[in-house]
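Novice: My questions all concern the structure below.
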């Protein structure tokens, strides 16, 4: 036991984290078996032991930032067979196949609209806000929606496809503010039903459908925070679908979390408890997938804004958690705050990015219109 504790202490010392220290980022250990568990199980054990109350940390976001900025994951050699099994399965099998596409809908997005409504903005946007000239989550999400609409050069009468429509926040905004018709698809029944009710009377439609079944033509396509569920084995298929559904002169905007280096699976704890079968793409994986299908007109990174967004979500979650009813116990609360705050640290450390790509099928003649690009005149 002493050897495990000394190993963990040395690892934490190397990234300026003090066990049972006095700073908000310093973890307080309540169970001496934590050290052996963390060494043998890596990130999965670290998260599960937090859920079990074996340790606490006043500022998990700062803790995560220090771990990742110091690249502690490169120092830890996990020997747990379950970890290697997770990686090998992700490499060999298509975890995001058509048969498995609806798992994340059932296990994450359908866990309860009451939870998401108390955490998110009033439009139920479950993706990064755009915090330029914004001081609140509501304004940051409005900024993001308007940013997307302007990047796509939306005009009244256009038909827009949204791959991964969430709870209908973009569709409602685009239909009301830009006069377009939006068709959204999702793998979540609760999202679809909520979106239909929220957008009653607008030129919108929603259906439960896997993106691979899409084949109609649209003037513009948008996908916000869905590409993280596609999986590297399906990236080319996704780009092919978007290409066949886009008119020759249309624009496609892809909004996705990105990672700095290629990978084939997500973090084991995140896969087990939050986003089953998810993974974030690298720039090289995206670039390879879109070759032959699209010309990249613009590639915008505002990953730091996700840190602020996640911190706002956690603030709302903590403030409103007691109003939840149902299967939301203390262990769930610890799981959810661990998810939100540890994720905030991944963006603060710049290990994760948030990218918006604007693409065309054949290249915009004369070049993409930067004169009205909201990045430069907002």
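Novice: So for the chain, Kirkwood radius off the Cα pairs, Stokes-Einstein at 25 °C and 0.890 mPa s: how many µm² s⁻¹? Write out the running numbers ahead of the final one.
Specialist: Numbers: Rh = 21.7 Å.
Estimated diffusion coefficient is 113 µm²/s.
Novice: Under the rule of -39500 (n - 2.57) per DSSP H run of 4 or more residues, summed and divided by the residues of the chain, what mean residue ellipticity at 222 nm is obtained, to the nearest 500 deg cm²/dmol?
Specialist: Theoretical 222 nm ellipticity from helices: -13000 deg cm²/dmol.
Novice: Going by average Cβ neighbours within 10 Å, how do the peptides 309-316, 236-243 rank, with the highest at the top?
Specialist: 309-316, 236-243
Novice: Listed highest first by mean packing, meaning other Cβ atoms within 10 Å per residue, what order do 19-30, 127-138 come in?
Specialist: Ranking the peptides 19-30, 127-138 by packing returns 127-138, 19-30.
Novice: Report the label-to-label distance for residue 177 and residue 73 in nanometres (one decimal), using points 7 Å from each Cα along the Cα→Cβ vector.
Specialist: It works out to 3.3 nm between the two label points.
Novice: Same structure again: Quantify how much of the Cα-Cα distance distribution of segment 2-79 extends past 22 Å, in percent.
Specialist: Within segment 2-79, distances greater than 22 Å cover 10 percent of Cα pairs.
Novice: Antiparallel as a % of all DSSP beta bridges within the chain, to the nearest 5?
Specialist: Counting only bridges with both partners in the chain, antiparallel ones make up about 45 percent.
Novice: Hey, with R₀ at 22 Å, roughly what FRET efficiency would residue 52 and residue 14 work out to, going by the Cβ-Cβ distance, to 0.05?
Specialist: Given R0 = 22 Å and the Cβ-Cβ separation, E is 0.30.
Novice: Return the whole-Å distance between the Cα centroid of segment 251-307 and the Cα centroid of segment 97-156.
Specialist: 16 Å
Novice: Quote to one decimal, in nm, the extra length available between residue 329 and residue 296 on full extension: 0.36 nm per residue of separation minus the C-alpha distance between them.
Specialist: Separation in residues times 0.36 nm, less the Cα-Cα distance, equals 7.3 nm.
Novice: Hey, rough spin-label estimate for residue 33 and residue 3, points 7 angstrom out along Cα→Cβ, what's it come to in nanometres?
Specialist: Roughly 2.0 nm, to one decimal.
Novice: For segment 4-47, just the Cα set please: Rg and Dmax, both in angstrom.
Specialist: Gyration radius and largest Cα-Cα distance of segment 4-47: 10.0, 27 Å.
Novice: I've got another one for you. Can you give the extra length, in nm with one decimal, that the chain gains between residue 23 and residue 261 once fully stretched, where that is 0.36 nm per residue apart less the Cα-Cα distance?
Specialist: Answer, rounded to one decimal: 82.5 nm.
Novice: Now a separate question. Can you tell me the order of 321-334, 251-264 when each peptide is scored by its average per-residue count of other Cβ atoms within 10 angstrom, highest first?
Specialist: Per-residue Cβ counts within 10 Å, averaged per peptide and sorted highest first, yield 251-264, 321-334.
Laboratory data are not the source of any read-out in this text; all were calculated from the coordinates shown. What you are looking at is a predicted structure, and each value in this text was computed from that prediction instead of being measured. Every residue, glycine among them, receives a Cβ derived from its backbone with ideal geometry; neighbour counts consider all protein chains shown.
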